[in-house]
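Before any comments, here is the structure.
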Amino acid sequence: MKFGVDVPTCLAGMAYPVPFATADEVVRIAVEAEQLGYHEVSGNDHLSTQRFVREAWPQPPDYFEPLMMLATIAAKTSAVRLGTGILVLPMREPVLLAKQVATLDHISGGRVTLAVAAGGYRDEFESVAPDLADASRIDLMAEGIESLRELFEKPRSTYEGKYRRFIDVESYPKPVQDPLPIFSGGNGKGALQRAGERCEGWLPAKIGPAEIAAGRATVSSYARAAGRDPAAITIGLQSVVCIADTTQEARDRLERSTFDLFRRSLKDTMMKGVDLDKYLADNLIGTPDEVCAKVAAFEEAGLEGFFATLFVANTVNEMLEQMRLFARFVLPAFPDAP
């Protein structure tokens, strides 16, 4: 089992208070994650402040561009993988993105995993890309992934889509990794289909073992239909961690944190139909023994890694303490296979 940390590139006002982490503190969290033995660090992606964050906080949050932050982290680490958890692909122009990701893969010595999704906040997308306000983000996702494959793998690339097009682009260097792993982020049917047909992994968020098992089967069916080997597709999960001495204390810590605002902001999208009790049950919230039991249940369901993990905290020091507790009690119980 692999475990990762979602560093707070763009999490202030969502999962964490405003202000939360400085740029230096984001790097410090990533460096300590490597020292603690985590497999991966990820940065999430927002280009503008979402409406719900503006309404909740009088001061705008600092959102650090994740690829630039990961490049800084790459220079200060040597082994930990560098992921996006997730990058909102419809907001990104593919030719520039391909160049950025390939450059990061070279800087880091081939440590990049690119997890992409449509994004949970339509209002942000329409602010950043008003000319695409009426566009299908499902189509933009498909065109974005296809464009990246062309640019990563072809000597010269031409792409003619409904929304994305470029002609005779010669984009070098190519990524160190071949293929550079792209994960399809999201819980919906489109995310599973993209994972099975086009990607190296599926990265849903905050779902339970039963949903992981069902999703794995669905991804595998799409992969087989596309002539791909389902075993080559990694099943990961973005989960929330809150460890405490008692179950009630863990629940109280979550409810007192900004995470409940984050959870409620997604009630009509990713968290539709998920009440607080199910959220607490599905995520890694509880005592160390309870969290280990949950990890074991996910492992039995076919999960291969907890990537871009979110640690409940109201300060950077609290986040680091949760990371240390998880590294002390959980990581040793689930050693990664060589």
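At a glance:
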quantity	calculated
Residue within the range 4-20 that is free of Cβ contacts under 8 Å to residues at least 60 places away in the same chain, assigned to a loop (DSSP other than H, G, I, E, B) and either of a type outside the set (A, V, I, L, M) or buried (at least 21 other Cβ atoms within 10 Å of the Cβ) (or both) present	yes
Which numbered condition Asp24 fails, given (1) under 15 Å from Arg111 (Cα atoms); (2) free of Cβ contacts under 8 Å to residues at least 40 places away in the same chain; (3) surrounded by fewer than 18 Cβ atoms within 10 Å (Cβ to Cβ)	(1)
Options Ser48, Ser78: the member that is of a type in the set (S, T, N, Q), surrounded by fewer than 23 Cβ atoms within 10 Å (Cβ to Cβ) and under 17 Å from Ala15 (Cα atoms)	Ser48
Search result, residues across the range 152-183 that are aromatic (Phe, Trp, Tyr) and surrounded by 12 or more Cβ atoms within 10 Å (Cβ to Cβ)	Phe152, Tyr159, Tyr163, Phe166, Phe183
Members of the range 195-223 found to be over 18 Å from Ala296 (Cβ atoms), out of contact with any Ser or Thr (no Cβ under 9 Å at 6 or more places or on another chain) and either among the hydroxyl-bearing types (Ser, Thr, Tyr) or in contact (Cβ under 8 Å) with a residue 60 or more places away in the chain (or both), listed by number	Thr218, Ser220, Ser221, Tyr222
Residue in the range 99-116 that is nearest to Tyr172 (Cα to Cα), counting only those that are aliphatic (A, V, I, L, M) and more than 18 Å from the chain's Cα centre (by Cα)	Ala102
Test: Val27 is more than 15 Å from the chain's Cα centre (by Cα) and among the β-branched types (Val, Ile, Thr)	yes
Residue within the range 278-292 that is without any contact (Cβ under 8 Å) to a residue 24 or more places away in the chain and either farther than 23 Å from Glu34 by Cα or within 20 Å of the chain's Cα centre (by Cα) (or both) present	yes
Odd one out for Ile73 among (1) crowded, with 17+ Cβ neighbours inside 10 Å; (2) over 17 Å from Val316 (Cβ atoms)	(2)
Selection status of Pro61, modelled with pLDDT of 95 or more and outside any helix (DSSP H, G or I)	yes
Answer from Glu255, Glu304 - the residue that is more than 21 Å from Pro181 (Cβ to Cβ) and of a type in the set (Asp, Glu)	Glu255
Residue under evaluation Gly119, criteria (1) at pLDDT 95 or above; (2) under 17 Å from the mean Cα position of the chain (by Cα), criterion not met	(1)
Selected residue [out of contact with any strand residue (DSSP E or B) (no Cβ under 9 Å at 6 or more places or on another chain), closer than 19 Å to Leu87 by Cα and at pLDDT 95 or above] from Ala191, Ala142	Ala142
Of all residues in the range 184-211 being assigned to a loop (DSSP other than H, G, I, E, B) and among the hydrophobic types (A, V, I, L, M, F, W, C), the one that is surrounded by the most Cβ atoms within 10 Å (Cβ to Cβ)	Cys199
Residue in the range 147-155 that is more than 20 Å from Glu200 (Cβ to Cβ), at pLDDT below 95 and not basic (Lys, Arg) present	no
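The values are calculated or read from the model by the stated rules, or taken from the named source; none is laboratory data. Just so it is clear, the structure is predicted and the values come from calculations on it, not from any experiment. Positions of Cβ are generated from backbone atoms using ideal geometry, with glycine treated the same way; all protein chains shown enter the neighbour counts.
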